[in-house]
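The values are calculated or read from the model by the stated rules, or taken from the named source; none is laboratory data. Quick caveat, the model's predicted, so the values are computed rather than measured. Neighbour counts are summed over all protein chains in view; Cβ atoms, including those assigned to glycine, are modelled from backbone coordinates with ideal geometry. All accessible areas refer to the heavy atoms of the entire protein, side chains included, with ligands and DNA or RNA removed. Shrake-Rupley method; radii C 1.70, N 1.55, O 1.52, S 1.80 Å.
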Amino acid sequence: MTQTHATVDSALDPRTDALAGDWLSLRETAERLGIKTSRIKQLISERKLLAVRRGGEPMVPAAFIRDGQVIKGLSGTLTLLSDAGFDEVETIRWLFTADDTLPGTPVQALSENRGTEVRRRAQALAF
């Protein structure tokens with residue numbers, strides 16, 4: 001079941017952790033976006049950004065932030081994956097797993113402004 005609060009409490013498995021690469025604390029995320037940490041928590045609760053617990057601390061994949069902004073299309077993709085029943089860890093796994101039809105990973109495609117292709121694949125998961 002998808003949770004509506006900031007982070008999931010289930011353990012982040014090592015494989016998914018490694019897929020995502022670099023991670024940022026909420027403070028580091030706020031610094032990169034030039035906003036307050038409280039606003040980061042609000043973005044997470046609104047599913048405009050995603051965080052999972054790593055070592056007991058909520059962390060955000062660094063790939064979600066580019067040029068001082070949340071990558072375009074992330075919010076809509078997070079909503080589609082949530083609607084398809086994905087929890088936070090499953091969402092991270094999906095976003096960072098290579099898809100030969102894109103090509104690359106969904107998060108790479110989002111950062112390259114190819115969000116339509118990513119959302120199309122995410123929508124198909126709901127059926």
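Residues checked against (1) hydrophobic (A, V, I, L, M, F, W, C); (2) touching a residue at least 24 places away in the same chain (Cβ under 8 Å); (3) touching a strand residue (DSSP E or B) at 6+ places or on another chain (Cβ under 9 Å); (4) closer than 17 Å to Asp22 by Cβ:
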position	(1), (2), (3), (4)
Gly76	no, yes, no, no
Leu80	yes, yes, no, no
Glu88	no, yes, yes, no
Ile92	yes, yes, yes, yes
Ala98	yes, no, no, no
Pro103	no, no, no, no
Glu112	no, no, no, no
Q. Can you name every residue in segment 58-69 that is buried (at least 20 other Cβ atoms within 10 Å of the Cβ) and in a helix (DSSP H, G or I)?
A. Ala63, Phe64
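Considering only segment 70-127, how many residues are in a helix (DSSP H, G or I) and either open to solvent by less than 10 Å² (accessible area, probe 1.4 Å) or of a type outside the set (Ser, Thr, Tyr) (or both)? Break it down into steps so the answer makes sense when it comes.
Initially, segment 70-127 is screened for residues in a helix (DSSP H, G or I), giving 74-83, 88-95, 106-111, 115-125.
Restricting the remaining residues to those that are either open to solvent by less than 10 Å² (accessible area, probe 1.4 Å) or of a type outside the set (Ser, Thr, Tyr) (or both) gives 74, 76-78, 80-81, 83, 88-95, 106-110, 115, 117-125.
Of the residues in segment 70-127, 30 are in a helix (DSSP H, G or I) and either open to solvent by less than 10 Å² (accessible area, probe 1.4 Å) or of a type outside the set (Ser, Thr, Tyr) (or both).
Look through Gly55, Gly34 and report the one residue that is open to solvent by 60 Å² or more (accessible area, probe 1.4 Å), at positive phi and either at pLDDT below 95 or among the acidic types (Asp, Glu) (or both). So that I can check it myself, show each step before the final result.
Details: Gly34 fails: either at pLDDT below 95 or among the acidic types (Asp, Glu) (or both).
Result of the check over Gly55, Gly34: Gly55.
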